[in-house]
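No lab work stands behind these numbers, since they all come straight from the coordinates. Keep in mind it's a predicted model, so treat the numbers as computed, not measured. Please note: Cβ atoms are built from the backbone with ideal geometry, for glycine as well, and neighbour counts cover all protein chains shown.
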Amino acid sequence: MQSKTSSSDFFNKTLFTKNRKRFWPLWVGYSFILLWFLSAMTFLSLHLQFFGVDNEHMWHSTIDFIYNDALESCFPIAAIFSLFMALAVFSYLGNERSCYYYHSLPLTRNQLLSNGFISGLGMMFIPNLVFYLFTNFICWSDGLNAIKALSFWLLLITVEELFFFSLAALCMIVFGHNIASPVMYVILIFYSELMALLLNGLYQNLFYGSSDSLVTIPENNPLGIISPLRFFNSFNFYADEKLVEANVYECYKPYGFWMVIITSLVVTAIFIAAAVLLYNRRKSEHAGDVVAIDFLKPVFRWVFGISFAILFTTMITETLMSSINYTTKILITTFVLLVIFGVISFIAAEMIIRKSFRVFKGIGKRFWTYTAFIVAISFGLLFAGDRVTKYVPDNSDVKEIRLNVSSYEFAFTDRNDIDMLMDCHRSIIEDKDDLVTMLNVSGAFRLNYEYVLENGKTIERNYFIPTEYKVARNLSEFFVENAVSLIFGDPDKTRYDSCELCLMDKNQYYDYREFYSDQTKEIVKALIKDYESGYITLEEMAPDFAGIYRYSDYPGSGYYRLELRRSAFYQKDYLYNLHVLFFNEKCINTMEYLRKYVNFEDYL
Amino acid sequence: MIKAIDVKKQFDGFYALDGVNLHVEPGSVYGLVGPNGAGKSTLIRHLTGIYKQDEGQILIDGEPVYENNKIKAEIAYIPDDLFRFGADNIVDMMKFVKGFYPEFDTERFERLKGVFSIIDLKKPVRRMSKGMQKQAAFWLAICCNPKVLILDEPVDGLDPVMRRQVWSLMMQDVSERGTTVLVSSHNLRELEDVCDTVGIMNKGKVLLERSLSSLQGNVTKLQVAFAGDFDISTINDFEIINSSKIGSIYTLVVRGTQEECREKIAKYSPVLVDALPLTLEEIFIYELGGEDYAVKDIIL
């Protein structure tokens, strides 16, 4: 007798039809979401015309909508619905009765898995295709060719759904409980972000000078996929300015998009391979267990134990002891808390695995191994903290220092500047105890050092410096003396991408004028001339910069606001990314240049 | 047809199956009996390809069952705890089952509507009573025209009339199509009527596996009375499995055929001898008595 499904048949029509009929609210709901977020929004973008707006403008905004909003919406839609679909088609794995029934059918585990994938993904891919075609039709009927933009959307949502569905399916296989699986799926998506946040919080208590970003998630890098939330928003489509006038539909260029697509596909392949491997090793009797794969139970215990130890320790030290950072008291407290919460979390993990509070019998060996590890790790953290606190690289190893002072960024490559700043850094470390005491009695500003070493590595430190501290005073003098070069760089050597002049018309509506690279360079030169001629003070022209060393506010009426952009798009070197500058009628050089393009009489 | 060879299965250090050996002949009805927790359901889940054994072999038609679609398509299985899809009625269930079993007989399904007339075709199966759900499961299982029918407590919850119908349908399949049936039940009285072979399980092992006739023929219940005082312990010619005394009449459960037992007891000059066959229930109780499973007197 032949089974209706042969062992090499990876599609079973009966199972597919059953899933489609059983879970119709899911794919119908998903279709409505696409209808609204893609087709309806595109339609509105094309037809919700304000008075006096021509077709071409609407087309441009529609394409812009697809490349930005529609692509951004792929992440939440894919992440949420992939989970729902996986929960639906693999729900039988979380319940003994259904698990036994499915596994008694003449289907191999690989066939059950492939059919789950086909059903779950099919319920998303088919609506994707339908609404892709429908939205193209909407655009086409209005005379807009949006095939390229919509194809990017189709590709992205398909790849994201593959990724998230594979992850959700893997969670369903590894975690055999219908509540544990979605919880673990959500935790896995946010795990790296959460751990980076917690570890940075913990390090800030332990290490004097620890920056917010001591533990970072790689960006613009395939490894960034450890944080899907960040990764799937790390690409961009930008309008190539040279092509804007020529062809509105072809002007968008992807940045980071193909890296996201290829990395996602590679990781998805790994997820699927893991799913096949683990499903075949998953015992039916583990349906309903929190961890359904025997050899992953120790992994769960350890990861759960360590993660929750860090979570609770950070929570308590952050909330109860934030005012006594860097003291021996907090170091010892942190150590003790890590050990105590580590042990409690490990026992809690065992309770979750066994679904019982009676876990002490037979736990001995692995409990003591884990406890010894936690103690060793905690000791290691304390020693590492001390070393990190005192470490400053050799002057000769430093190629560049990037300084962020109250969110204002500067880069220094001059050897004298580097030596001076490194001396300041060493003074800060030597005076640590005094600085911590002074913080409680005087105002402070935030000072961030980023060393770029000759070997390409970077080291980052972050401090709160009391304004009364001697190093703070030295730095203030340094900033004032070098204000022009720090704000503008050398106009002949620096590339300014653009600047934007903000004007207010007589009806009190804002009007923005964009100036391209060469124009910006001329504006900067004119503004420097005005400042050096004494037509405008530093506090008036660059209040953000002045705010570094003393309180400063934006000027009121009578000033024009200029946003100077060093880079219109992400680049590795994004220093001086954005400066908000002000000038007024007294700046005759700047006004003279700008009058070529702007009729100032039309504006307030 | 069905073979389990030295099958072992461990759950968290506990051996649910501890070297099970079982043989079911083609076209026979095999009754699997045993106390609660003996491992019957665990064994059945191995036979249906749900569980994978840690050691040993499970073979049907000489082929392993686990991950074997060809063999699994020949097995119809009714578990003790039935699964049903949320809103599906029996017709929806039939369409689903039909998609997996190539021998599914739709005409037979139609014909059997009369037998299972109590089942409302439009009512979701989950809203039916336990007994009706069992009927539905049996209806679908028998329409698969399986070579092997594996039933875990199949008539539990059925009324007496429906029990008889179900057994009758099953026996019809056995006689007409040569279906091999393995049935696990605590209703020994009913098994006695349908089984050719019985396997008694306890503590993860099949203690005894024999045809029902040889099983019943090999143990005899003797009711004897002696003149005057008689010390029962002086009888050493045959194995006494159990003895009790009410008034002057001894009831002895002994190994041997009725004729052998009559001959041997005659030596002790009883004034009254009556040899009776044991019911399956009695065999079950007396066999498991040696396995620390004797019926205890309950004193409240």
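Which of the chymotrypsin sites (Phe, Trp or Tyr not before Pro) found in region A:283-381 are in a DSSP loop and have at most 10 neighbouring Cβ atoms, other than their own, within 10 Å?
In loop regions of region A:283-381 (DSSP not H, G, I, E or B), the sparsely surrounded chymotrypsin sites (Phe, Trp or Tyr not before Pro) are A:Phe357, A:Phe360.
The fewest-to-most ranking of A:Ser356, A:Ser119, A:Ser73, B:Ser211 by surrounding Cβ atoms within 10 Å reads A:Ser356, B:Ser211, A:Ser73, A:Ser119.
By the rule of a C-alpha distance below 16 Å, with chain neighbours fewer than 8 residues away ignored, the aspartates and glutamates paired with A:Lys283 are A:Glu96, A:Asp294, B:Asp12, B:Asp54, B:Glu55, B:Glu67. What the Kirkwood sum gives for region B:159-204 is a hydrodynamic radius of 11.8 Å, with every pair of different alpha carbons counted. Fewest neighbouring Cβ atoms within 10 Å first, the residues A:Tyr255, A:Tyr279 line up as A:Tyr255, A:Tyr279. Distance from the C-alpha centroid of region A:162-222 to that of region B:105-181: 52 Å, rounded to the whole angstrom. Helix A:55-65 against the longest principal axis of chain A: what's the angle in degrees, Cα atoms only, rounded to the nearest 10? Tilt relative to chain A: about 60 degrees. Spin-label model, B:Val161 to A:Cys502: label points 7 Å out along the Cα-to-beta-carbon direction sit 8.7 nm apart. Rounded to the nearest 10 degrees, the inclination of helix A:415-430 to the longest alpha-carbon principal axis of chain A is 60 degrees. Compared with the dominant Cα axis of chain B, that is its longest principal axis, helix B:160-177 is turned about 80°. Size descriptors for region B:218-293 (Cα atoms only): Rg and Dmax, in that order, 12.1, 35 Å. Sum up the charges of everything whose Cβ sits under 14 Å from the Cβ of A:Tyr603, counting Lys and Arg as +1 and Asp and Glu as -1, but leave A:Tyr603 out. Its environment carries a net charge of -1. Considering only B:Ala225, B:Ala137, B:Ala16, the mean-square fluctuation computed in a Gaussian network model of chain B, springs between alpha carbons under 10 angstrom, is largest for B:Ala225. Quick one: grab the alpha carbon gyration tensor of region A:391-525, order the square roots of its eigenvalues as a ≥ b ≥ c, and give me rounded if a/c is under 1.5, else prolate or oblate depending on whether a/b is larger than b/c. Cα axes put region A:391-525 in the oblate bin. For region B:32-161, the extents of the C-alpha atoms along the principal axes are 45, 34, 27 Å, listed from largest to smallest. Compute the longest continuous run of chain A that contains no exposed GluC sites (Glu not before Pro); treat a site as exposed when its DSSP state is not H, G, I, E or B and it has at most 14 other Cβ atoms within 10 Å. Excluding the exposed sites themselves, the longest stretch runs over A:1-218. Between B:Phe11 and B:Ala16, the built amide H atoms are under 5 Å apart, and every one of these is 5 or more places off in sequence or on another chain. Treat region B:203-248 as a sphere of radius equal to its Kirkwood radius over Cα pairs and apply Stokes-Einstein at 20 °C in a medium of 1.002 mPa s; give the translational diffusion coefficient in µm²/s, rounded to a whole number. The calculation lands on 156 µm²/s. GNM remark for chain B: springs join alpha carbons under 10 Å apart, and the peak mean-square fluctuation among B:Val219, B:Val183, B:Val273 falls on B:Val273. This ranking places A:Ser345, B:Ser244 by how few other beta-carbon atoms lie within 10 Å of each, fewest first, which gives B:Ser244, A:Ser345.
Counting each pair of different Cα atoms once, what's the Kirkwood radius of the protein assembly as shown in Å, rounded to one decimal?
The Cα-based Kirkwood calculation yields 35.0 Å.
Cα to Cα, under 15 Å, and not fewer than 8 places away if on the same chain: which aspartates and glutamates meet these conditions relative to A:Lys365? Those aspartates and glutamates meeting the cut-off are A:Glu350.
DSSP beta bridges fully contained in chain B are about 70 percent antiparallel.
Cross-link pairs exceeding 18 Å in C-alpha to C-alpha distance, out of A:Lys361/B:Lys9; A:Lys13/B:Lys98; A:Lys399/A:Lys470; B:Lys52/B:Lys72; A:Lys399/A:Lys521; B:Lys9/B:Lys203, comprise A:Lys361/B:Lys9; A:Lys399/A:Lys470; A:Lys399/A:Lys521.
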